[in-house]
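See below for the structure under consideration.
The values are calculated or read from the model by the stated rules, or taken from the named source; none is laboratory data. Note that the coordinates shown come from a computational prediction; the quantities given were computed from them, not determined experimentally. Positions of Cβ are generated from backbone atoms using ideal geometry, with glycine treated the same way; all protein chains shown enter the neighbour counts. To get the accessible areas, we keep the full protein, side chains included, count just its heavy atoms, and leave off ligands, DNA and RNA. Shrake-Rupley method; radii C 1.70, N 1.55, O 1.52, S 1.80 Å.
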Amino acid sequence: MSVTLGRRVGGQGGLWTAPNEGCGGSAPAGRMGADNGSTGAQLEGLLAKEAIASLDETALGRKFADEAEFDRIDDSTFPGPIAENFYWSDDDVIGIQGPVGSGKTTTLMKSRRRRAIMMPRSTVDGVRRYKVLFIRETYRQLWSTTIPSYLETFPKSLGTWSGGRGDPVTHVIQFQDEHGPIEFTAEFMAFGDDIAASMRGIQTTDIVINEADTVPVDVITVGIGRINRYPAGQHFKGLPIELQRYGQICCDFNAPDEENWTFRVFHNEGERRKMEAELTMALEEGAKPIRMEFFRQPGFGEPGTENLQNLKAGYYELQIALNKAAGRSDFTDRLVYNKITYLRAGEPVFLREFKRHIHVAQGTIPFNQELPVRIGLDQGFKGAAVIAQPAGFWRWRILAELHFPNERLMAHVFGTRLRELLDERCPNARIEGAWGDMAGEHGASHAADENATWNLMVSRAAGFHIRPQRIGTNRIHPRLEAVRAALEAPLEAGEPGLLVDSSCKYLIRGFEARYVWTDEIDRNGDKRKVPNKQLTEANVMDAGQYLLLSAHRADGISPYMSRLDDKRRREGEAGQMPGSRRPPKSQGGLTTSWDVLSPYGGMQ
């Protein structure tokens, strides 16, 4: 049979035509083992496994891939230009991110055949031997997603399939083109709980990480040392040094969470170039530098959305409607619009009130020297602080946050870092007040002074007094209602009541996805909904709540109601919007005025 592959210009996918070097050399296109030398000479210097693989496949009962079946793998069309560039890339680590249905996984699978065809030919026997390892955490994941996707491109009938469901699998395909024979091997492996131990001894050409955002970054750091190890080094002896490194780690994924390693590595070009430099330093002198490249396909609705020609009408619209019905707009953003988002850990506490496009600034909120600064704090080894400026009546501008979830900080260390943040973000600021958790008034077990408290030690280090937030007596409902009041405040001059600086990632993540409801059983055995305090974002959200409570009167009267004149206040208490000509609602039942200390009125 004959397999052809178009020539690619510009350094991607170029064919080597020098005799006996790379792919496309002058070796005859005969069967494996049918070269000009004797069988003994051919097998000399090979490992046992490679020697067996190089023998005439007819003698071993093997067969070449059926020409008609193999040619149905169409390499001539692509979902779009981004997918095509990804297909031709020979960089060491590549990743493609796209919405569901964008054709990224199919393109990845087809690119493995291209990589096999363009594999440098062995200088021992002229055979191009290519091996790709597909790796996931569990065999359930491999068999439910990765293997079915692979078989759509490479059916079992193309070669020798060994392994059963739930176990490791190997698929060996023998084929040839006008430049000689090719051996394509695909292996499927789950790494389980110990990545390093599972991948020890692996020898492969390429590694494919399907749904890469679901696996740890260790697969990259360990895997980079496992590629370029098949076939053995003697097969590349005499080739230019740039051809002696042909391995690749290839990833595909949907839009990840901002904390996911795929976001840090692929979306942050500075981080990507830093990792390139670190990996290159470990290479032998003269080797080509490590290259890492990222390909992002447009999301649905963006110009150039890919693979629409292969999707049924309404494919994305149906998903949008279903996700909306299920209350999962985060799925739509991530899987349809291909937007970076936060993955929900449950039902967000402020799901109804918080709107990112309204409550998060597009860039940095400037510090206003003429306005005072207020600070809310949450105590503990993983303390948190939220810095804000009140900009008018119930206009909060959240400038910065301070939180170190991966460190256990002493109070004086946290206070020192808070002082440094204030000097940087709010130079020469006038601190109007700071409010902390009432628990921060208890004696700190790690303090040298037995009378010192967390609030006191942070105060000394930061240079301002911290008061315990006593409004609401630390009950959760008044704190939540204080936040809701700010979120639902009417727009004034086009600005919301609460505007968060885009750098406050923990606050934003808490509002959108990680400050969520959970069930709690009280002492009577009754179940109730409370915010989940097990997630680190809860510490920052608590600090924000103590901050916003600082604007409330001790009697809990809504700041809006206290601002209105007597007539408008009576209208509001009667359930009528101020200025409305609608007749007031009849008295009785719940009042519509808002009381931060009693958000549910007279209900018990």
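Determine if segment 291-313 includes at least one residue that is of a type in the set (Val, Ile, Thr), open to solvent by less than 60 Å² (accessible area, probe 1.4 Å), closer than 15 Å to residue 512 by Cα and in a loop (DSSP other than H, G, I, E, B). Checked segment 291-313: no residue is of a type in the set (Val, Ile, Thr), open to solvent by less than 60 Å² (accessible area, probe 1.4 Å), closer than 15 Å to residue 512 by Cα and in a loop (DSSP other than H, G, I, E, B).
Residue by residue, here is whether (1) over 22 Å from residue 173 (Cβ atoms); (2) within 24 Å of the chain's Cα centre (by Cα); (3) open to solvent by less than 30 Å² (accessible area, probe 1.4 Å) holds:
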site: 82; (1), (2), (3): yes, yes, no
site: 87; (1), (2), (3): no, yes, yes
site: 101; (1), (2), (3): yes, yes, yes
site: 116; (1), (2), (3): no, no, yes
site: 124; (1), (2), (3): no, no, no
site: 132; (1), (2), (3): no, no, yes
site: 155; (1), (2), (3): no, no, yes
site: 158; (1), (2), (3): no, no, yes
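Is it true that some residue in segment 93-103 is among the hydroxyl-bearing types (Ser, Thr, Tyr), at pLDDT below 95 and in a loop (DSSP other than H, G, I, E, B)? Looking for residues that are among the hydroxyl-bearing types (Ser, Thr, Tyr), at pLDDT below 95 and in a loop (DSSP other than H, G, I, E, B), one finds none in segment 93-103, hence no.
In segment 368-381, the residues that are touching a residue at least 40 places away in the same chain (Cβ under 8 Å) form Cβ pairs under 6 Å with partners that are open to solvent by 60 Å² or more (accessible area, probe 1.4 Å), at six or more places apart or across chains, as follows: 372/430; 372/432; 374/432. Does at least one position in segment 414-423 carry a residue that is surrounded by fewer than 14 Cβ atoms within 10 Å (Cβ to Cβ), modelled with pLDDT of 95 or more and not aliphatic (A, V, I, L, M)? Yes, segment 414-423 has at least one match.
State yes or no: is residue 360 open to solvent by less than 30 Å² (accessible area, probe 1.4 Å) and under 30 Å from the mean Cα position of the chain (by Cα)? Criteria met by residue 360.
Just one of (1) open to solvent by less than 10 Å² (accessible area, probe 1.4 Å); (2) in a strand (DSSP E or B) fails for residue 401. It is (1). Taken over segment 269-282, residues that are closer than 19 Å to residue 219 by Cα and either out of contact with any strand residue (DSSP E or B) (no Cβ under 7 Å at 6 or more places or on another chain) or part of a loop (DSSP other than H, G, I, E, B) (or both) amount to 8. Looking only at residues of segment 245-255 that are assigned to a loop (DSSP other than H, G, I, E, B) and closer than 16 Å to residue 92 by Cβ, we find that the one that is modelled with the highest pLDDT is 247.
Within the option set 242, 258, 271, being charged (D, E, K, R), surrounded by fewer than 18 Cβ atoms within 10 Å (Cβ to Cβ) and without any contact (Cβ under 8 Å) to a residue 12 or more places away in the chain holds for one residue only, 271.
Scan segment 372-382 and tell me whether some residue there is surrounded by fewer than 16 Cβ atoms within 10 Å (Cβ to Cβ), part of a loop (DSSP other than H, G, I, E, B) and touching a strand residue (DSSP E or B) at 6+ places or on another chain (Cβ under 8 Å). Looking for residues that are surrounded by fewer than 16 Cβ atoms within 10 Å (Cβ to Cβ), part of a loop (DSSP other than H, G, I, E, B) and touching a strand residue (DSSP E or B) at 6+ places or on another chain (Cβ under 8 Å), one finds at least one in segment 372-382, hence yes.
Pairing residues of segment 79-108 that are without any contact (Cβ under 8 Å) to a residue 24 or more places away in the chain with residues that are surrounded by 20 or more Cβ atoms within 10 Å (Cβ to Cβ), at Cβ distances under 9 Å and at least 6 apart in sequence or on separate chains, gives 84/78; 84/107. Of all the residues in segment 399-412, those that are farther than 24 Å from residue 509 by Cβ and of a type in the set (A, V, I, L, M) number 2.
Among residues of segment 205-229 that are assigned by the TED database to the domain that holds residue 261 and open to solvent by less than 10 Å² (accessible area, probe 1.4 Å), those with a Cβ under 8 angstrom from a residue that is in a loop (DSSP other than H, G, I, E, B) and among the aliphatic types (A, V, I, L, M), sequence gap 6+ or separate chain, pair up as 205/119; 205/227; 206/227; 207/227; 209/215. Selection of segment 386-423 for residues being closer than 20 Å to residue 455 by Cβ, touching a residue at least 40 places away in the same chain (Cβ under 8 Å) and in contact with an Asp or Glu (Cβ under 9 Å, 6 or more places away or on another chain) yields 386, 400, 401, 403, 413. Counting only residues that are in contact with a Phe, Trp or Tyr (Cβ under 6 Å, 6 or more places away or on another chain) and either modelled with pLDDT under 90 or in a loop (DSSP other than H, G, I, E, B) (or both), segment 486-503 holds 2 of them. For segment 456-485, name all the residues that are modelled with pLDDT under 90, assigned to a helix (DSSP H, G or I) and either surrounded by fewer than 20 Cβ atoms within 10 Å (Cβ to Cβ) or touching a Lys or Arg at 6+ places or on another chain (Cβ under 9 Å) (or both). 471, 472, 473, 474, 476, 477 - these are the residues of segment 456-485 that are modelled with pLDDT under 90, assigned to a helix (DSSP H, G or I) and either surrounded by fewer than 20 Cβ atoms within 10 Å (Cβ to Cβ) or touching a Lys or Arg at 6+ places or on another chain (Cβ under 9 Å) (or both).
Just one residue in the set 242, 258 is in a loop (DSSP other than H, G, I, E, B) and either farther than 17 Å from residue 137 by Cβ or among the small types (Gly, Ala, Ser) (or both); that residue is 258. Of the numbered criteria (1) more than 17 Å from residue 478 (Cβ to Cβ); (2) modelled with pLDDT under 85, the one residue 536 fails is (2).
Output the residue which, of all residues in segment 336-367 that are in contact (Cβ under 8 Å) with a residue 60 or more places away in the chain, part of a loop (DSSP other than H, G, I, E, B) and of a type in the set (Lys, Arg), is nearest to residue 261 (Cα to Cα). Here the residue is 339. When you look at residue 139, is it under 30 Å from residue 319 (Cα atoms), touching a residue at least 24 places away in the same chain (Cβ under 8 Å) and open to solvent by 10 Å² or more (accessible area, probe 1.4 Å), yes or no? So residue 139 fits the description; yes. Within segment 89-99, how many residues turn out to be open to solvent by 10 Å² or more (accessible area, probe 1.4 Å) and either β-branched (Val, Ile, Thr) or at positive phi (or both)? Qualifying residue count, segment 89-99: 0.
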